[in-house]
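Below you'll find the structure, written out as structure tokens, and then a few comments.
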């Protein structure tokens, strides 16, 4: 089909043809002769007038709901009362479309493969999507016993009657016939047109008696074998996208235009608008979205390719209503929506569990849900109910990484490196059990008692703390270090939240006024957050060299190519209030990293790499080039991965994380900002020597993360988020 230079490919092509010719019952030449002597079937079957119920407005103005064996039609403009559809009605006629009410049930009579093969023929011979009435006719022929070979030959005979539309003529040579197939079926013209060897291979099959209709079917089958081919994978994508759009138009929506001319010209235009990367223009031409009439039908990937629009299902706060919204939401925005494996929603107690069941685990370890209120509070104000310490498993126990200033932990004089020995008289081991976890990470104000062993101490001390609303200080620490005559700025930055903007600007301003010539940016505990904060900080570090340069480009799924085109973020020169940002104009930056350096923090690294030296000190980052737009429904915040990000050089495939320039493990035995703390010390040595510290400098690495036992209490902190109306200025 595409290139048959290897004998194995030749054998496959022959097998594909043989299967098509022999698996339909009877010899292929006999099928062809039978089809040839029959009159060409109609392209559509017009409904009888007594089977039609008419409405004055366009289809998009109505919601059609199925209730058992009948339907109810609701006029969204409020111009008429809901109309109950009598049982004898088979077609609803609107100002722009007919809706075939039988097509969904008929489509279920065929296997997914048989239905898709039938739809493929419309694309192959006419480069159009089928109208529902015409497709209904052909489904009837299949169920009556007509073989695929016979149907393909019938399509060819019809194609001969419209040479101006199809390009097929009865007098054309075999070679010209193959070229038309490549053009109509595979979109291969111009520089991608078939070469002489490809044409000769298929022409020889025609010379050996393979019917032309069956030849088209064989090429379609062969084309789909190239789904993952680096050179020709786009051909399979093009076919599959056309199949999905055709399925949506004819089966899921049951649409036909009102005139024969429109049914041909407009369905041709729809198919022509489909590309290998996008179906959005074709769907725009259809102009009917949401309220899918028949949802239990398959597209190219065997999954339903449309579940209604999230907008039409939003805020229906019943268990089934919320689950329906979840499925529609993922089908619309999820980066890997094509890879979702459908599971019955009835098997899941709540919409949150259903959401997790649909997530593509092989590619996505990040998507999640949480209560809307807690997330909104945190990202807008930094407020969260807690004791104010950040914990990790280290040296066989649960230890403190850092403490928020003014928090209950700070007031209890708990410092970095302290170990939680017990909580409420329950001894803490290597992991927190469920009761301990709930006590250490309370969701409301409550009091608990602890035994704490401070770093360097051999005895415990009793501490009683009451959880309260703690406001995060996103810039946990900043100072100017004087090392060998150089002024080096050091900043611990933990959270890309709205309230980070002011302290970041203040810190960079102070560094600039102090005349720092180097910067050590400590992101080891920064899981991410708003992307615009990452952009602002990056712009302040790099300065004038990134003016008018691209910081990050976001890539959405193929249903939202418009978002991909619109979401190109340039480095900012002003803050969110349009005030000029200070600029350090550095030629390099040292970034302290770890496994908790995620998302927006990784965007800083990736966004700056094309324009300056970025030296990483620490451990490999978490590897999350993806991001979310928080979407709320029924007081739940949903975070499904919607986009991937790349920098100005289109680099963004860092799913395995960024490997540090200098591998240096974390050590909780030193306070952050202490020049002896291993990662900061390594950065300062690099400033002085131009290389990493000697081997053996690293302390023992921390224990590996155990996903079953090391639970992240605030998973939503490890994100790359778009803040609507704040990202692109």
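Rounded to the nearest 0.05, the FRET efficiency derived from the C-beta distance between residue 544 and residue 65 at R0 = 45 Å is 0.15. With a simple spin-label model that places each label point 7 Å from the Cα along the Cα-to-Cβ direction, the separation between residue 269 and residue 462 comes to 8.1 nm.
Applying 0.36 nm per residue to the separation of residue 173 and residue 161 and subtracting their alpha-carbon distance, the gain on full extension is 2.6 nm. Look at the Cα gyration tensor of region 313-364: its axes a ≥ b ≥ c give a/c of at least 1.5 with a/b at or below b/c, and that counts as oblate.
Approximating the spin labels as points 7 Å out from Cα along Cα→Cβ, the residue 514-to-residue 72 distance works out to 6.8 nm. Given R₀ = 56 Å, FRET efficiency for residue 353-residue 207 by Cβ-Cβ distance, to 0.05? So the FRET efficiency works out to roughly 0.40. Measuring from label point to label point, each 7 Å out along Cα→Cβ, what is the residue 195 to residue 80 span in nm? Once both label points are built, they end up 6.1 nm from each other.
For the pair region 313-327 and region 630-655, the centres of their Cα atoms are 22 angstrom apart. Using every pair of distinct Cα positions in region 385-469, the Kirkwood expression returns a hydrodynamic radius of 12.6 angstrom. By DSSP, the beta bridges lying fully in region 554-687 are antiparallel in about 50 percent of cases.
Suppose R0 equals 25 Å. What FRET efficiency, 1/(1 + (r/R0)^6) with r the Cβ-Cβ distance, do residue 346 and residue 315 give to the nearest 0.05?
0.70
Every number in this text was worked out from the coordinates using simple rules, so none of it is lab data. Being a predicted model, the structure only gives us computed values, none of them experimental. Don't worry about glycine lacking a Cβ; one is built from the backbone with ideal geometry, like all the others, and counts go over all protein chains shown.
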